[in-house]
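Peer 1: Structure below; questions to follow.
The values are calculated or read from the model by the stated rules, or taken from the named source; none is laboratory data. Predicted model only: the values in this text are computed from it and were never measured. A quick note on method: Cβ atoms are made from the backbone with ideal geometry, for glycine too, and the neighbour counts reach across all protein chains shown.
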């Protein structure tokens, strides 16, 4: 794990001139590959330039530097954000670098707002930058956790438990990569719940939370699993079977079998 060493001051980009031994260069080259799609030279040069500011530590583990530790954390577990890191990691860094209430924190890749929330709870003025709409939605529903009407939330939960899901004639707003991601019945139910949540007699903040919950279960009720920047498709899905059929017709081997396990129903996932 690479971290900026607090014992060494940060240096301006244009004032660093570092020469690193060839074995270190080879180590970096071997650690990061892109199968020759593009040149790695610029990235490796930048990595080497700042090598003296990096140190190897066993202070952190995989659970801390990934979303895993958030799975059981209140608030932070609301959205499974695999590209994120744990709230505990943020707390450790705030303590390590002595960042206290009244100071400022900038997260240029805010994601699901973990750093912003931890900082805000500590009285730190936090600013985040995030392009993905899911990140904006996560911040809106998490940052207002004190404002929810608990009576309305109980009312909504009771409605969810007592009401059988229907279906909607409205199409799911797919983008190309998500087409056929859901079994037909799941897709109809998702759209039905979306319409019902909008018409419930609750305040706008409760409706926003319900929309967030519906978004948060999409992977669970789909034939896909997020894997980095891509989606892995369950081999049982029509899309995967059609893709493999085309490859076999071209005398190519089929893709490796992937079974994500149970594709959950919509209602149990919501409640």
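Peer 1: Please verify whether residue 123 is part of a loop (DSSP other than H, G, I, E, B) and within 23 Å of residue 214 (Cβ to Cβ), treating the condition exactly as stated.
Peer 2: No, not satisfied.
Peer 1: Residue 199 versus (1) buried (at least 17 other Cβ atoms within 10 Å of the Cβ); (2) over 19 Å from residue 79 (Cβ atoms): which is the lone unmet condition?
Peer 2: With respect to (1) buried (at least 17 other Cβ atoms within 10 Å of the Cβ); (2) over 19 Å from residue 79 (Cβ atoms), residue 199 is out only on (1).
Peer 1: Let me ask something else. Which ones in the stretch 129-176 are surrounded by 12 or more Cβ atoms within 10 Å (Cβ to Cβ), over 19 Å from residue 85 (Cα atoms) and free of Cβ contacts under 8 Å to residues at least 12 places away in the same chain?
Peer 2: 174
Peer 1: Hey, another quick one. Every residue in the stretch 219-230 that is in a loop (DSSP other than H, G, I, E, B), over 10 Å from the mean Cα position of the chain (by Cα) and surrounded by fewer than 20 Cβ atoms within 10 Å (Cβ to Cβ), please.
Peer 2: Within the stretch 219-230, 219, 220, 229 meet the criteria.
Peer 1: Could you list, in sequence order, all residues of the stretch 195-207 that are assigned to a helix (DSSP H, G or I) and closer than 23 Å to residue 151 by Cβ?
Peer 2: 196, 197, 198, 199, 204, 205, 206, 207
Peer 1: Could you say which residue among 119, 110, 115 is touching a residue at least 12 places away in the same chain (Cβ under 8 Å), crowded, with 20+ Cβ neighbours inside 10 Å, touching a strand residue (DSSP E or B) at 6+ places or on another chain (Cβ under 6 Å) and more than 15 Å from residue 79 (Cβ to Cβ)?
Peer 2: Among 119, 110, 115, only 119 is touching a residue at least 12 places away in the same chain (Cβ under 8 Å), crowded, with 20+ Cβ neighbours inside 10 Å, touching a strand residue (DSSP E or B) at 6+ places or on another chain (Cβ under 6 Å) and more than 15 Å from residue 79 (Cβ to Cβ).
Peer 1: Hey, another quick one. In the stretch 237-262, which residues are in contact (Cβ under 8 Å) with a residue 24 or more places away in the chain and assigned to a loop (DSSP other than H, G, I, E, B)?
Peer 2: 237, 258, 259, 260
Peer 1: Could you tell me whether residue 85 is surrounded by 15 or more Cβ atoms within 10 Å (Cβ to Cβ) and in the same structural domain as residue 193 (by TED's automatic domain parsing)?
Peer 2: The answer is no for residue 85.
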